[in-house]
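The values are calculated or read from the model by the stated rules, or taken from the named source; none is laboratory data. What you see is a predicted model, and the numbers here were worked out from it, not measured in a lab. Glycine gets a Cβ as well: all are built from the backbone with ideal geometry, and neighbour counts include every protein chain shown. Remember, those area values only see protein heavy atoms, side chains included, never the ligands or the DNA or RNA. Shrake-Rupley method; radii C 1.70, N 1.55, O 1.52, S 1.80 Å.
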Amino acid sequence: MPFSSLGLSKELLSRLLDKKYEKPYPIQQQAIPAILKGKDLLGIAQTGSGKTDSFVLPILNNLKVQEEKTRAIDCLVLVPTRELAVQVEEVFKFYNYSLPTPFKISSVFGGVSINPQMKGLFGVNILIATPGRLLELIRAKALQLSKVNTLVIDEADKMLNLGFKEEMDELIKLLPKKRQNLLFSATLNDDVKSINQLVLNKPIIINIKAKDQNLDLINQTAYFIQDENKGPFLRQIIEDKGMNQVLIFTSSTFKADNVAKKLMKHGIKATAIHSKKSQGSRTDSLIKFKNGTITALVATDLLARGIDIEFLPFVINYELPRSPKDFIHRIGRTGRAENSGEAITFVSEEEEHHFKVIQKKMGKLVETLDGDKLML
Ligand code: AMP
């Protein structure tokens, strides 16, 4: 099924050519026609499934805006983190540029000064926002939600994990009753179900399973390695494989800092990214990692969710995550958009049993070598 059969305008289709996508991903095939028809939608899909384009394109195609410029926005996209806000805004702006009458698009998030954001809100049609900062701006009368006709909640599960439930409830009360609602979440737990009931009206449900994200594209290797050898072995692997862009996962912010510090000490450009870092430092690290100034980005699971880097060649699990879902999510950062990638997992003695569980849940056996013996 080509993009041209989904009902999108010729301007958007021509801009899509610049993306060089071969065909729509499953979520796009299903979501775009449904959203164009004005339906509510519940999309169970992770980062990497192509979910962003699946809501951005039909919203740009259909959005009705008020004639007069005001502080009342037309479309609200709620996201859990600043990183995701910036990424979603980029995708909106990429396509918006092709429209005969482009929309005014902006994003707001915490961790940076509120004043410039306040000033820029007049006449905005599409706003991408994190819940806390959005509420602050509403209280400061910098914008209103009373005219919103399209609501997107992206990564709803993560929003709840980060403790945004109260803010979301408060925001939902400020929206007009009649509107189109699109909710995306990587998982469907009871909390997400409760938001879903609060927000969605007879939604079309699309469930894109993690395995559809093609784990076959990922070359996986695991190494049994004692905890105290993980540091030197990590450096050895980075050097042996000539890695110049690698995302490394640890299970705690403390460990992430530690691993990054040790890499730096040994001349490998590295930085840690996690919830205890300031917004400014997080964005800076991501930019440097994307443009190649930094070789290794050491991350915890929560922060890594929203990281979207095309063609990321290497992911290393320095420590295993507790949940197999997080493992699949981590290695899914590589081998995306039809490019093959390599995922390497360190398994200490205490982690052996847990790694078996993960492989079972993933439905794949990973070749496991003896890392301790391979140490130089
Ligand atoms: P998302 O799930 O929205 O974070 O998108 C994941 C990545 O897939 C992004 O880098 C997109 O540019 C890319 N992508 C989205 N749709 C397609 C498609 N139809 N074909 C190839 N790549 C795509």
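Data for the structure
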| quantity | calculated |
| --- | --- |
| Normalised contact order of the range 212-374, rounded percent, pairs of Cα under 8 Å and 6 or more residues apart | 36 percent |
| Rg(Cα)/(2.2 N^0.38 Å) for the range 129-207, N = residue count | 1.08 |
| Residues of the chain: accessible area per residue with a 1.4 Å probe, Å² | 46 Å² |
| Label-zone membership for the range 224-241, site Asp372, 7 angstrom Cα→C-beta point, backbone N under 11 Å | 224-229 |
| Reach of Lys262 by Cα under 23 Å, taken over lysines that are not fewer than 8 positions away in the same chain | Lys230, Lys241, Lys276, Lys277, Lys288, Lys290, Lys373 |
| Lys, Arg +1 and Asp, Glu -1 on Cβ, resulting dipole of the range 3-207 about Cα centre, debye, nearest 20 | 580 debye |
| Largest-first ordering by accessible area, 1.4 Å probe, given options Tyr25, Tyr223 | Tyr25, Tyr223 |
| Isotropically averaged projected area of the range 13-135, using the convex hull of Cα atoms (one quarter of hull area), nm² | 8.2 nm² |
| Accessible surface of the chain [probe 1.4 Å, protein heavy atoms]: carbon and sulfur percent | 51 percent |
| Anchor Lys173: lysines whose Cα lies under 24 Å away (excluding residues fewer than 8 positions away in-chain) | Lys39, Lys64, Lys69, Lys141, Lys147, Lys158, Lys165, Lys193, Lys202 |
| Share of pairwise Cα separations in the range 3-207, more than 30 Å, in percent | 15 percent |
| Asn244 versus Lys69: modelled label distance in nm, points set 7 Å from Cα along the beta carbon direction | 4.5 nm |
| Residue-level accessible surface for Arg15, protein heavy atoms, 1.4 Å, Å² | 40 Å² |
| Length released on extending from Ile309 to Glu228, taking residue separation times 0.36 nm less the Cα-Cα span | 26.1 nm |
| Spread of Cα-to-Cα distances over 10 Å intervals beginning at zero, given as percent, for the chain | 5, 23, 31, 24, 12, 4, 0, 0 |
| Contact order relative to length of the chain, as percent, for alpha carbon pairs under 8 angstrom and 6 or more apart | 18 percent |
| Positive-pole candidate from Val246, Leu188, Val199, dipole of the range 178-274, charges at beta carbon | Val199 |
| Long-range Cα-Cα pairs in the range 212-374 (distance over 29 Å), rounded percent | 11 percent |
| Kirkwood Rh and Cα Rg combined as Rg/Rh, the range 170-301 | 1.11 |
| Exposure ranking of Ser107, Ser275 by accessible area [1.4 Å probe, largest first] | Ser275, Ser107 |
